[in-house]
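What follows is one structure encoded as structure tokens, with my remarks underneath.
Derivation of every value follows stated rules applied to the coordinates shown; laboratory data play no part. Computed from a predicted model, the values in this text were never measured in an experiment. No Cβ is skipped: glycine too gets one built from the backbone with ideal geometry, and neighbour counts run over all protein chains shown.
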Amino acid sequence: MKALISVDLEGISGIVHPAETNPDRYDYERGRALMTAEANAAIAGVFDAESDAVVWVADAHGTFRNLLPEDLDRRAHLVRGKPRPLGMLAGLDEQTDAVLFIGYHARAGAGPAVLAHTISDSILDVRVGGRSMGEIGLNAALAGHLVVPVVLLSGDDSACAEFSELVPSAVTVAVKQSLGQAAAVALHP
């Protein structure tokens, strides 16, 4: 079994502020550490379910160079840097059996939602077939195009609701409850 874990940063437990997600800001290293720890939890979960799995991890935030390679579970293959094919889903192909979205956030305009946006702060809305879509919907559609199911999403409660609206049978894990754009009640990381 091949699993692709796409890891974004804004939906990671404990992350609530741009200073934790931007390489030029004072709290970025803490954000990277939390992101790597949550990626490792997802990797461990895949191997617990399927001990001989092949696991690819796509660093899916900003520069795509946020996960700490030296701290990432050595059983996983790390895809980092850009530009690259399929962006946040680099590594996805017809041999992929499952995709996991870890640390995902709600689309632009969703609220209350921690650090909600779609691709960048300069995009107000993206519509597909008349429906507003964020990174969750766009990436789920890309995986669906290759007939690969997204089996799990973790993020804030707004991201989980957004994914559940698109895929009612979806498994979601809310790692924080949104109080606003830069505030949440989070599970212990």
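For segment 63-80, a residue qualifies if it is of a type outside the set (A, V, I, L, M), crowded, with 16+ Cβ neighbours inside 10 Å and closer than 19 Å to Gly11 by Cβ, and the qualifying residues are Phe64, Asn66, Arg80. Set side by side, the residues Leu9, Leu4 differ, and just one is closer than 22 Å to Gly91 by Cβ and touching a Phe, Trp or Tyr at 6+ places or on another chain (Cβ under 7 Å), which is Leu4. Of everything in segment 105-149 that is in contact with a Lys or Arg (Cβ under 9 Å, 6 or more places away or on another chain) and of a type in the set (Asp, Glu), the residue that is farthest from Leu9 (Cα to Cα) is Asp125. Any idea which of Val114, Val79, Val57 is touching a residue at least 24 places away in the same chain (Cβ under 8 Å), more than 15 Å from Leu153 (Cα to Cα) and not polar (S, T, N, Q)? Only one candidate qualifies: Val114.
Taken as a whole, the condition of being out of contact with any Gly (no Cβ under 7 Å at 6 or more places or on another chain) and in contact (Cβ under 8 Å) with a residue 24 or more places away in the chain applies to Leu187. Taken over segment 148-160, the criterion of being over 15 Å from Leu89 (Cβ atoms) and touching a residue at least 24 places away in the same chain (Cβ under 8 Å) is satisfied by Ser154, Gly155, Asp156, Ser158, Ala159.
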